[in-house]
Amino acid sequence: MTEAERILIDLLNLERLEVDLYRGVGSGGETSTRIFGGQVVAQALAAAYRTVDERLCHSLHAYFIRPGDPSIPVIYQVDRARDGGSFTTRRVVAIQHGKQILNMSASFHVRDEGWDHQHDMPQLEKPENYPARTELKEKYLSALPERLHGELMRERPIEVREVNHVHPLKPEKTDDRNQMWMRMNAAKQADERTQQLLLTYASDMSLLSSGMRPHGLSWFTGEVNGASLDHAMWFHAPVRFENWHLYSMDSPWTGRGRNFNRGSIYSEDGILVASVAQEGLMRKVQRSS
């Protein structure tokens with residue numbers, strides 16, 4: 001297990017403070033200036049799981065209310081909304097500085113049987129045929145201030161291979177389809193719940209940038225103020241995140257300072273594992289005259 005993988009696993013191991021009250025680490029995620037959204041959602045789901053027996057999450061719906069401060073812990077308060085015959089519902093509030101930074105509802109379901117169908121996975125080359133994220137980042141180091149090199153090249157826990165990469169410093173207008181392969185080797189030791197937590201964390205990676213692609217924008221161009229506004233996720237099949245998964249994303253709409261993005265996550269053998277939807281802020285940066 002790499003150090004980055006260990007840090008992520010530790011992030012999902014919350015400290016119990018009281019009945020239905022937990023504390024999570026704020027630092028260590030994908031970003032350093034604010035808490036990575038996928039980290040807060042995954043920790044909120046971890047807190048909910050502490051109050052649920054046996055059943056697995058089938059859906060969650062979260063709203064990001066304030067930016068998270070990575071310099072301090074996050075408190076998670078769980079409300080046991082309902083324990084039914086087939087479904088369990090939990091509400092979780094994430095708190096920093098005495099204020100909500102996220103609230104989330106999650107639903108858990110007994111194992112059940114029914115009719116099955118799914119959309120086919122897009123036909124793409126194997127992940128090994130695409131460059132690693134570290135290879136791509138090395139190309140841009142010389143164009144960035146030296147003070148940013150450390151953060152850019154910091155080891156990340158999840159291995160990513162982008163299918164249709166966009167140059168972050170000189171992005172060209174392109175199709176909104178945004179696809180990448182991803183996996184985490186250390187997940188092979190994880191149970192079913194932790195597998196879901198890891199996929200939840202990863203589901204926030206690159207999703208918001210899908211809506212920027214048709215406009216030739218990126219986080220590095222200095223033209224966009226962006227942030228995730230909400231995040232919804234549905235789990236369809238068991239997760240084995242030590243294996244490659246295809247995250248196939250698109251953005252059907254942008255407008256009014258917002259963008260809407262959605263994604264389908266497939267196992268390498270074509271099983272639709274999860275679906276994701278997210279709306280984000282996509283506001284023009286106001287230049288001072």
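The values are calculated or read from the model by the stated rules, or taken from the named source; none is laboratory data. Bear in mind the structure is a predicted one, so any value in this text is a computation, not a measurement. Cβ: placed from backbone, ideal geometry, glycine included. Neighbour counts: every protein chain shown. Quick note on the areas: whole protein, heavy atoms, side chains included, nothing else; ligands and nucleic acids left out. Shrake-Rupley method; radii C 1.70, N 1.55, O 1.52, S 1.80 Å.
See the values below:
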read-out: Residues satisfying the stated conditions in segment 11-28, i.e. under 15 Å from Leu198 (Cα atoms) and open to solvent by 70 Å² or more (accessible area, probe 1.4 Å); value: Asn13
read-out: Pick from segment 211-265, criterion more than 21 Å from Pro67 (Cα to Cα) and assigned to a helix (DSSP H, G or I), ranking: most open to solvent (accessible area, probe 1.4 Å); value: His215
read-out: Selected residue [open to solvent by less than 100 Å² (accessible area, probe 1.4 Å) and over 20 Å from the mean Cα position of the chain (by Cα)] from Val78, Val93; value: Val78
read-out: Matching residues in segment 1-56 - criterion: being closer than 25 Å to Arg82 by Cα and assigned to a loop (DSSP other than H, G, I, E, B); value: Leu12, Asn13, Leu14, Val19, Asp20, Arg50, Thr51, Val52, Asp53, Glu54, Arg55
read-out: Residue among Gly24, Gly37, Gly85 that alone is closer than 27 Å to Thr134 by Cβ and small (Gly, Ala, Ser); value: Gly37
read-out: Condition met for Glu172 (modelled with pLDDT under 95 and open to solvent by 30 Å² or more (accessible area, probe 1.4 Å)); value: yes
read-out: Of residues in segment 106-137 being open to solvent by 50 Å² or more (accessible area, probe 1.4 Å) and polar (S, T, N, Q), the one modelled with the lowest pLDDT; value: Thr134
read-out: Count of residues meeting criterion [open to solvent by 10 Å² or more (accessible area, probe 1.4 Å) and within 12 Å of Gln77 (Cβ to Cβ)] in segment 29-50; value: 1
read-out: Those residues of segment 92-102 which are touching a residue at least 12 places away in the same chain (Cβ under 8 Å) and over 19 Å from Asn13 (Cα atoms), in sequence order; value: His97, Lys99, Gln100, Ile101
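Here's the yes/no breakdown for (1) acidic (Asp, Glu); (2) without any contact (Cβ under 8 Å) to a residue 40 or more places away in the chain; (3) under 24 Å from Glu192 (Cβ atoms):
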{"position": "Glu30", "(1), (2), (3)": "yes, no, yes"}
{"position": "Gly38", "(1), (2), (3)": "no, no, yes"}
{"position": "Gln43", "(1), (2), (3)": "no, no, yes"}
{"position": "Tyr49", "(1), (2), (3)": "no, no, yes"}
{"position": "Ala62", "(1), (2), (3)": "no, no, yes"}
{"position": "Pro70", "(1), (2), (3)": "no, no, no"}
